[in-house]
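For reference, the structure is listed below as structure tokens.
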Amino acid sequence: VVGLNPDHPDKDTMRQKFLAEHTHADFEVRFFVDGSGLFYLHIHDKVYMVVCEKGDLISVPANTTHWFDMGEKPYFKCIRFFTTAEGWVGNFTGNDIAKQFPSFDQHLAAVA
């Protein structure tokens with residue numbers, strides 16, 4: 001289980017880590033128990049933005065380039081499923097593509 005709230009002392013550091021485009025050797029599965037966040041899936045020459053909220057289940061296939069934005073005031077709780085004992089291991093691409101897309105907070109403001 002992973003969760004963050006706006007009062008977490010390491011929220012900014014954790015957000016920056018997840019904002020960096022990366023892959024995983026294994027699939028990434030999350031069930032949102034509470035709150036929300038935004039996954040960006042970079043597949044071939046397209047980026048798909050997927051807002052996940054309480055009750056949503058997302059499965060990112062192995063080796064799919066992606067990143068996750070929890071926003072400036074994160075509030076989410078997820079159950080993560082792993083098939084390896086190491087759990088979450090990100091293989092960072094070094095691509096700064098995430099800077100070209102609206103943040104979670106900007107996206108929410110635009111659709112409100």
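Counting only residues that are open to solvent by 60 Å² or more (accessible area, probe 1.4 Å) and modelled with pLDDT under 95, which one in region 13-32 is farthest from residue 66 (Cα to Cα)? Break it down into steps so the answer makes sense when it comes.
Here is the first cut: in region 13-32, the residues open to solvent by 60 Å² or more (accessible area, probe 1.4 Å) are 13, 16-17, 25, 27, 31.
Keeping just the survivors that are modelled with pLDDT under 95 gives 13, 16-17, 25, 27.
Values: 13: 18, 16: 14, 17: 12, 25: 13, 27: 12 Å.
This residue is 13.
Please verify whether residue 39 is open to solvent by less than 20 Å² (accessible area, probe 1.4 Å), free of Cβ contacts under 8 Å to residues at least 60 places away in the same chain and among the hydrophobic types (A, V, I, L, M, F, W, C), treating the condition exactly as stated. Here the answer is yes, as residue 39 does meet what is asked. Restricting the first member to region 1-19 and to residues that are under 14 Å from residue 90 (Cβ atoms) and assigned to a helix (DSSP H, G or I), and the second to residues that are among the acidic types (Asp, Glu) and open to solvent by 60 Å² or more (accessible area, probe 1.4 Å), the beta-carbon pairs closer than 9 Å and six or more apart or on different chains are 15/72. Got at least one residue in region 77-98 being farther than 14 Å from residue 38 by Cβ and touching a Gly at 6+ places or on another chain (Cβ under 6 Å)? Checked region 77-98: at least one residue is farther than 14 Å from residue 38 by Cβ and touching a Gly at 6+ places or on another chain (Cβ under 6 Å). Filtered by the rule that a residue be under 10 Å from the mean Cα position of the chain (by Cα) and either open to solvent by 20 Å² or more (accessible area, probe 1.4 Å) or among the basic types (Lys, Arg) (or both), region 51-68 gives a lone residue, 51. Selection of first residues in region 83-102 that are without any contact (Cβ under 8 Å) to a residue 60 or more places away in the chain and within 16 Å of residue 48 (Cα to Cα) and of second residues that are open to solvent by 70 Å² or more (accessible area, probe 1.4 Å) and outside any loop (DSSP other than H, G, I, E, B), restricted to Cβ pairs under 7 Å at least 6 apart or on distinct chains, gives the following pairs, ordered by first then second residue: 102/110. Could you tell me which residue of region 74-87 is modelled with the lowest pLDDT, considering only residues that are surrounded by 14 or more Cβ atoms within 10 Å (Cβ to Cβ) and either touching a helix residue (DSSP H, G or I) at 6+ places or on another chain (Cβ under 7 Å) or assigned to a loop (DSSP other than H, G, I, E, B) (or both)? It comes out as 82. Residue 1 meets each of the listed conditions (1) out of contact with any Leu (no Cβ under 9 Å at 6 or more places or on another chain); (2) closer than 20 Å to residue 105 by Cα apart from (2).
The values are calculated or read from the model by the stated rules, or taken from the named source; none is laboratory data. It should be emphasised that the depicted structure is a prediction, and the values quoted were computed from it without experimental measurement. Cβ: placed from backbone, ideal geometry, glycine included. Neighbour counts: every protein chain shown. Note: areas computed on protein heavy atoms with side chains; ligands, DNA, RNA excluded. Shrake-Rupley method; radii C 1.70, N 1.55, O 1.52, S 1.80 Å.
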